[in-house]
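J.: This structure is in structure tokens; I'll ask about it shortly.
The values are calculated or read from the model by the stated rules, or taken from the named source; none is laboratory data. Values in this document were obtained by computation on a predicted structure and should not be read as measured data. Cβ placement follows ideal geometry from the backbone for every residue including glycine, while neighbour counts extend to all protein chains displayed.
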Amino acid sequence: MIYDFHTHTFLSDGASSPIELIRFAYAYGYSCIGISDHVSYSNLEKIVEPIKADCKLAEKYWDIKAVPGVELTNVPAGSISGMAKKAKELGAAYVVVHGETIVEEVEEGTNIEAVNCEYVDLLAHPGLLTLKEAELAAKNDIYVEITSRVGHSLCNGRVAKAGREAGVSFLVNSDAHSHNDLYKGDFQKEVALGSGLNEKEYEEIIKVNLKKFLKKIGYR
Ligand SMILES: [Zn+2]
Ligand SMILES: [Zn+2]
């Protein structure tokens, strides 16, 4: 079983259209793919509709869950809550926040805003995640990402350790910007184990967290 809640298309800085990416995912054995293009107020309205349209199209013809989302990327930390709310109002099923990865100049305070926001569902590649941030994520039912994206993945070990200590729910995502970045074979599992999570924790992600996450975002 492969699932992925963090991917990009040419609606932001990815290489494929949403339906192309979903098609590849389906061919690679995904059971669920979320499309989460980079947004701010500049493009939020323009992006959600076409993502929704292709997700709907894919689900009509193929046996795959295709879930429309967005990723709030490098926006002012203080704007996260209002923007996440707006994204939901426009029909995004879930909201990802681009966390404080150590390889980009993300505003300090982004992680803490994200894990305190009721409209945020997933904190992506949170970099030097603190125990306090992880505890708030656990308390507020905001999922924390282990990533296979080059660069962002440098902190996976730290994220796994702090997240485990705080009892967060993890998801493992590709942050794909092209179909070449999608998972094939056992790669998703290998990324999870490479972060320091154990087999049992990986099983829990696949068997429990995925369903819980879909339920949380109102998706069956
Ligand atoms: Zn990107
Ligand atoms: Zn991303």
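Every residue, every condition in (1) at pLDDT below 95; (2) under 19 Å from Leu136 (Cα atoms); (3) away from ligand 2 (no atom under 13 Å from the Cβ); (4) outside any helix (DSSP H, G or I), yes or no:
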site: Val48; (1), (2), (3), (4): no, no, yes, no
site: Lys56; (1), (2), (3), (4): no, no, yes, no
site: Met83; (1), (2), (3), (4): no, no, yes, no
site: Val95; (1), (2), (3), (4): no, yes, no, yes
site: Thr101; (1), (2), (3), (4): no, yes, no, yes
site: Val106; (1), (2), (3), (4): no, no, no, yes
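J.: So, one more: If I filter region 138-148 down to residues being under 14 Å from the mean Cα position of the chain (by Cα) and without any contact (Cβ under 8 Å) to a residue 40 or more places away in the chain, which single residue comes out as surrounded by the fewest Cβ atoms within 10 Å (Cβ to Cβ)?
T.: Per the criteria, the residue is Ile142.
J.: Can you tell me which condition Arg164 does not meet? The list is (1) in contact with a Gly (Cβ under 7 Å, 6 or more places away or on another chain); (2) farther than 28 Å from Gly14 by Cα, and all the others hold.
T.: Here Arg164 meets the rest and fails (1).
J.: OK, next. Does region 124-134 contain any residue that is surrounded by fewer than 16 Cβ atoms within 10 Å (Cβ to Cβ) and farther than 24 Å from Tyr202 by Cα?
T.: The answer is no, given that none of the residues of region 124-134 is surrounded by fewer than 16 Cβ atoms within 10 Å (Cβ to Cβ) and farther than 24 Å from Tyr202 by Cα.
J.: What number of residues within region 1-44 are within 15 Å of ligand 1 (Cβ to nearest atom) and touching a residue at least 12 places away in the same chain (Cβ under 8 Å)?
T.: 22
J.: Just for region 108-130: of the residues that are polar (S, T, N, Q) and outside any loop (DSSP other than H, G, I, E, B), which one is nearest to ligand 1 (Cβ to nearest atom)? Before you say what the answer is, go through the steps one by one.
T.: Kept after step one, since they are polar (S, T, N, Q), are these residues of region 108-130: 110-111, 116, 130.
Subsequent filtering for residues that are outside any loop (DSSP other than H, G, I, E, B) retains 110-111.
Working: Thr110: 15, Asn111: 18 Å.
My answer is Thr110.
J.: Within region 159-179, which residues are buried (at least 18 other Cβ atoms within 10 Å of the Cβ) and part of a helix (DSSP H, G or I)?
T.: Of all residues in region 159-179, those buried (at least 18 other Cβ atoms within 10 Å of the Cβ) come to 159-160, 162-163, 166, 168-177, 179.
Within region 159-179, Val159, Ala160, Ala162, Gly163, Ala166, His179 qualify.
J.: Could you please find all residues in region 1-46 being touching a Phe, Trp or Tyr at 6+ places or on another chain (Cβ under 8 Å), outside any loop (DSSP other than H, G, I, E, B) and within 14 Å of ligand 2 (Cβ to nearest atom)?
T.: Answer for region 1-46, where residues must be touching a Phe, Trp or Tyr at 6+ places or on another chain (Cβ under 8 Å), outside any loop (DSSP other than H, G, I, E, B) and within 14 Å of ligand 2 (Cβ to nearest atom): Asp4, Ile33, Gly34, Ser36.
J.: Which members of region 84-102 meet the condition of being touching a residue at least 40 places away in the same chain (Cβ under 8 Å) and of a type outside the set (Lys, Arg)?
T.: Initial filter on region 84-102 (touching a residue at least 40 places away in the same chain (Cβ under 8 Å)): 86-87, 90-94, 96, 98-99, 101-102.
Correct list: Ala87, Leu90, Gly91, Ala92, Ala93, Tyr94, Val96, His98, Gly99, Thr101, Ile102.
J.: Give all pairs with beta carbons closer than 6 Å in which a residue from region 194-220 that is at pLDDT below 95 meets a residue that is buried (at least 16 other Cβ atoms within 10 Å of the Cβ); count only pairs at least 6 apart in sequence or on separate chains.
T.: That search, which allows pairs on different chains as well, returns Tyr219/Val67; Tyr219/Ala93.
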